[in-house]
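Report on one structure; see the data block that follows.
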Amino acid sequence: MRRITPCFILGLCCVALYPRSAAALVFSAPSPKFVYKNASGKKQSIEVVDKYYPKKIVQPFGNDSTIDHKLRRAATIAEERARAHSLSKCWHYVKEALVAAGVVKSRPQTTLAKQAGQELVNNYGFKKLPVSDPYQAPVGAVLVYGAKRAAGHVEIRTENGFASDFRSKTPSRRPLLGVFAKS
């Protein structure tokens with residue numbers, strides 16, 4: 001019979017104890033703190049703010065029962081399918097979300113995003129809402145933005161912000177042409 005070497009025994013001990021030691025380690029990055037002395041000389045610290053949103057959405061404005069409940073589903077679908085960054089296909093992604101949620105029966109035909117509102121009103125029974133602030137739009141509403149020489153932008157208001165081909169906590173900076181929803 002072979003002689004058991006100390007290295008072999010040490011290896012077995014390490015394997016046997018590995019799960020306990022791995023569970024004991026907690027890999028969490030400490031939140032950065034700013035340390036200062038107040039007026040009385042006492043040392044204090046606060047968390048560092050690393051992101052700034054000018055109008056942070058605290059609670060969703062989505063309790064409008066007059067709009068179609070399928071639009072809320074379209075908002076969820078759009079948010080699930082949205083990416084982290086734009087692909088310049090906002091109207092394509094919004095069309096797909098509206099069709100998948102059953103809000104529209106056929107896919108809208110316009111190619112430019114800034115023409116979306118007009119087509120939704122003329123062909124699909126949407127109405128332009130009297131909303132001029134994107135943060136006040138109900139969840140599921142389609143927001144259409146214009147542009148002088150570009151295609152414009154379209155996004156759907158979600159509970160957490162706005163979604164098209166990408167998700168965002170803040171609305172587009174382009175001029176808002178209208179907020180559209182279906183009753």
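Where Lys and Arg each count +1 and Asp and Glu each count -1, what net charge lies around Val104 among other residues with Cβ under 13 Å from its Cβ? Residues close to Val104 contribute a combined charge of +3. To the nearest 0.05, what FRET efficiency results for Lys148 and Lys105 with a Förster distance of 22 Å applied to their C-beta separation? For R0 = 22 Å, the calculated efficiency reads 0.10.
A Förster radius of 41 Å, combined with the Cβ-Cβ distance separating Glu47 from Arg81, puts the computed FRET efficiency at roughly 0.80. Using the Cβ-Cβ distance between Lys169 and Gln118 with R0 set to 30 Å, the FRET efficiency works out to roughly 0.60. When the C-alpha to C-alpha distance is required to be over 29 Å, the pairs from Lys42/Lys169; Lys33/Lys89; Lys70/Lys148; Lys43/Lys169; Lys128/Lys169; Lys33/Lys169 that qualify are Lys42/Lys169; Lys33/Lys89; Lys70/Lys148; Lys43/Lys169.
Spacing of the modelled spin labels on His92 and Tyr135, each 7 Å from Cα toward Cβ, amounts to 3.3 nm.
In angstrom, the C-alpha Rg and Dmax of segment 99-183 are 12.0, 32. Would you work out what percent of the accessible area of segment 93-183, with all protein chains in place, is carbon or sulfur (probe 1.4 Å)? Here it works out to 48 percent.
The values are calculated or read from the model by the stated rules, or taken from the named source; none is laboratory data. Every value quoted in this text rests on a predicted model; they were computed, and no experiment measured them. Backbone-built Cβ (ideal geometry, glycine too); neighbour counts: all protein chains shown. Ligands, DNA and RNA are excluded from the accessible area calculation, which covers all protein heavy atoms including side chains. Shrake-Rupley method; radii C 1.70, N 1.55, O 1.52, S 1.80 Å.
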